[in-house]
Amino acid sequence: MILKIKPHDVLMFREPKPFDTDHHLARTTLPLPQTVAGAIRSKLFLKYEAESNNKAKNELKNLIWNNGKEDSEEPGFELLGLFFSKVPKDYYFPVPFDIVKDKDGNTFTVKPMPLKLPGVEGKHIFSGQNIHFEPMSGYIPFEALKEYLAGTLPKSELKNTVIHESRLYVRENRIGIRLTSSKVVRKGLFYRVEMLRLREDVELVAWVRDSAVLYKYLGQEGTLKLGGEGRFARYIFEGEKKIRELTEFWKKKVKPKIQKSGRFKLYLATPAIFEEDSKYHAIPTDTNVKVVAQIVGKPIPVSGWDMKSRKPKATRYLVPAGSVYFVEGDFEGDFPWIKIGSLTKLGYGLAFVGVW
């Protein structure tokens, strides 16, 4: 199922940076899957504390914490991912980093090319229309995602396919001044807060797995407190056809190409968390496949709130959505995505599988 979320007002997802008298600007980030999962768990936790029926209380406990273990960072339900949706029902995904542009504004895709020079065997460079390029920013719609994974997205349509973030949301600045406990203005302590406002026809959409019990306790619709300052957002559960549509398309148009070529690429549609003892861009693999190249973005710092200990969580660094890994080897999966990295039930590490 999907969980459609429509905020009543602006939202704030503050960066994990100091915000005090020496740091008077609080910027917002984009909503992470963990934020929505946390909002759901907080709502369930209130029901859990008020519940007197033992069976219901146990079901709620297993929803809030994976296997009912209160030290678990993950919930008992699973978010596949979190995306933007534009009415009527078009989804938008972060543009893959192998869709690039040059200084003249030309848009094209790049892929790894092996170097054939002594001493650099096994190394790759990225080849495209121009040797100087940078990843694009923005979003691609659902139909373009399908063609991208199949390797059939026309070069002539790339520029018009990628939409700017301003089509989905805008950032608003608000000014305030600090007050004392008696509501008296503190001289000189102005601050500025950056908020996120979704366009009127835009919603957040969470793809949810194992949703039957979750639906039982959240109901068809209701409200959540989402992001900083506990601002309200309305949610509604709906059936999901696009996941099935994508799966059928992928099995028919993408998987045969991967099986024939013996290689594939992984496009991160949501940020990923890898183990602390590895480089942030190092993707875990088994002996049957080999990552030959990758295009990754700047790591994203993220924290959170520990409900049990009631204190902030340690900062982690995420590989950003849009990152692409080029892999050689056989792919045996039957779905157009895999989950990689840690805390995947929180919506992290959703990687779509495509051809290159």
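The values are calculated or read from the model by the stated rules, or taken from the named source; none is laboratory data. Computed from a prediction, not measured in an experiment: that's the story for all the values here. Note that each Cβ is placed from the backbone with ideal geometry, even for glycine, and that neighbours are counted across all protein chains shown.
Details
- Among (1) modelled with pLDDT of 90 or more; (2) of a type in the set (D, E, K, R); (3) part of a strand (DSSP E or B) - the single one Arg186 does not satisfy: (1)
- Flag for Thr180 being surrounded by 14 or more Cβ atoms within 10 Å (Cβ to Cβ) and either modelled with pLDDT under 95 or in contact with a Phe, Trp or Tyr (Cβ under 6 Å, 6 or more places away or on another chain) (or both): no
- Residues in the stretch 189-207 that are modelled with pLDDT under 75 and either basic (Lys, Arg) or over 38 Å from the mean Cα position of the chain (by Cα) (or both): Arg192 alone.
- Of all residues in the stretch 248-300 being hydroxyl-bearing (Ser, Thr, Tyr) and more than 20 Å from Ala321 (Cα to Cα), the one that is modelled with the lowest pLDDT: Thr287
- Among the residues of the stretch 1-34, the one identified as at pLDDT below 90, outside any loop (DSSP other than H, G, I, E, B) and within 25 Å of Pro88 (Cα to Cα) is Leu11.
- Residue within the stretch 61-81 that is in the same structural domain as Leu214 (by TED's automatic domain parsing), surrounded by 14 or more Cβ atoms within 10 Å (Cβ to Cβ) and over 30 Å from Ala269 (Cβ atoms) present: yes
- Scanning the stretch 131-163 for residues that are loosely packed, with under 14 Cβ neighbours inside 10 Å, in a loop (DSSP other than H, G, I, E, B) and touching a residue at least 12 places away in the same chain (Cβ under 8 Å) gives His132, Thr152.
- Qualifying residue in the stretch 101-110 (condition: outside any strand (DSSP E or B), at pLDDT below 95, aliphatic (A, V, I, L, M) and in the same structural domain as Val213 (by TED's automatic domain parsing)): no
- Within the stretch 301-356, restricting attention to residues that are of a type in the set (Phe, Trp, Tyr) and at pLDDT 90 or above, the residue that is nearest to the chain's Cα centre (by Cα) is Tyr348.
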